[in-house]
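One structure is given below, encoded as C-alpha cells.
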Amino acid sequence: MEVPENRKWINNRVDSHKNITEEFEIGVDEFIKFALEQDVNNIGRGDIRCPCKKCKCLKFESPITVKTHLCRKGFMIDYYHWTNHGEDIPPIPPVVVNHSYYGSSGQREMFDNYEKLVMDAAGPDIGNYLEQEGQDEGDTMEEEPNEEAQKLCINTYEHNLKSISY
C-alpha cells in the first residue's frame, strides 16, 4: 500500500537514538484530535479505538493511553487511512487498459453500473466484441422468436387473461 504524503510520519516513529521523533508525536496528537472529533455520538465516551500494533482498533482506550501505545508500539500495519475513526476511504481511480471494454475512448463512465458489472465479469475481450458490434449497427436485424418461445409467450398470455377477473 502506498503511503499518502500527509501520513509518511507514521513510519518515522523513532530516530537513530531510539527517541520518538517530534514529527511522529505531532502526528499522533493530530490523530487523537481527529478521532475525538469524529466521535460525535460519544460512542467511546471519551475513549477512542487504539490503532497500535497490539490493539489493532479492537479496544477503546483513553487518549493518553492511545498516545502511549502508539509511541511505544507504533501504528498497526498499513493504517494510513483512518477508516475505523471516521475517515472516508479515498476514491481509487479506474485503471484503463488498452484493448479492454473501455474501448479506444477509455471512458468507463459512459456505462451504467449494471453494464460495468457484466463487462467486468465478461473479461477484457468483451471490448473488442462491443466495438465491432457498435460499428455494424446498420447491419443488424431482429429475428422472430423460435417456435418453442412463441408457444411459451402464447401460453403465458392466455394464462394471464384467464387470471384477470372483471
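The values are calculated or read from the model by the stated rules, or taken from the named source; none is laboratory data. Every value quoted in this text rests on a predicted model; they were computed, and no experiment measured them. Glycine also receives a Cβ, built like all others from the backbone with ideal geometry; neighbour counts cover every protein chain displayed. Protein only, heavy atoms only, side chains kept; ligands, DNA and RNA dropped before computing areas. Shrake-Rupley method; radii C 1.70, N 1.55, O 1.52, S 1.80 Å.
Side notes on the structure shown:
- Taking the criterion of being of a type in the set (D, E) and over 45 Å from the mean Cα position of the chain (by Cα), the residues of region 147-166 that qualify are E147, E158.
- Residue pairs whose Cβ atoms lie under 7 Å apart, sitting 6 or more positions apart in sequence or on different chains, and linking a residue in region 22-41 that is farther than 15 Å from C52 by Cβ to a partner that is modelled with pLDDT of 90 or more, are E23/W9; E23/N12; F34/W82; L36/I48; L36/P63; D39/I48.
- Members of region 1-27 that are open to solvent by 100 Å² or more (accessible area, probe 1.4 Å) and aliphatic (A, V, I, L, M): M1
- Residue within region 79-94 that is outside any loop (DSSP other than H, G, I, E, B), in contact with a helix residue (DSSP H, G or I) (Cβ under 8 Å, 6 or more places away or on another chain) and modelled with pLDDT of 90 or more present: no
- Search result, residues across region 11-65 that are under 29 Å from the mean Cα position of the chain (by Cα), over 16 Å from N84 (Cα atoms) and among the hydrophobic types (A, V, I, L, M, F, W, C): F24
- Within region 106-164, the set of residues being open to solvent by 100 Å² or more (accessible area, probe 1.4 Å) and at pLDDT below 65 comprises E109, D125, Y129, Q132, Q135, E137, D139, M141.
- Residues that are under 19 Å from I20 (Cα atoms) and open to solvent by 40 Å² or more (accessible area, probe 1.4 Å) within region 43-80 comprise K53, K54, I64, T65, K67, T68, R72, K73, I77, listed in sequence order.
A quick yes/no check of all residues on (1) out of contact with any Leu (no Cβ under 7 Å at 6 or more places or on another chain); (2) polar (S, T, N, Q); (3) modelled with pLDDT of 95 or more; (4) under 30 Å from A121 (Cβ atoms):
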site: E2; (1), (2), (3), (4): yes, no, no, yes
site: N12; (1), (2), (3), (4): yes, yes, no, no
site: K33; (1), (2), (3), (4): yes, no, no, no
site: N41; (1), (2), (3), (4): yes, yes, no, no
site: R72; (1), (2), (3), (4): yes, no, yes, no
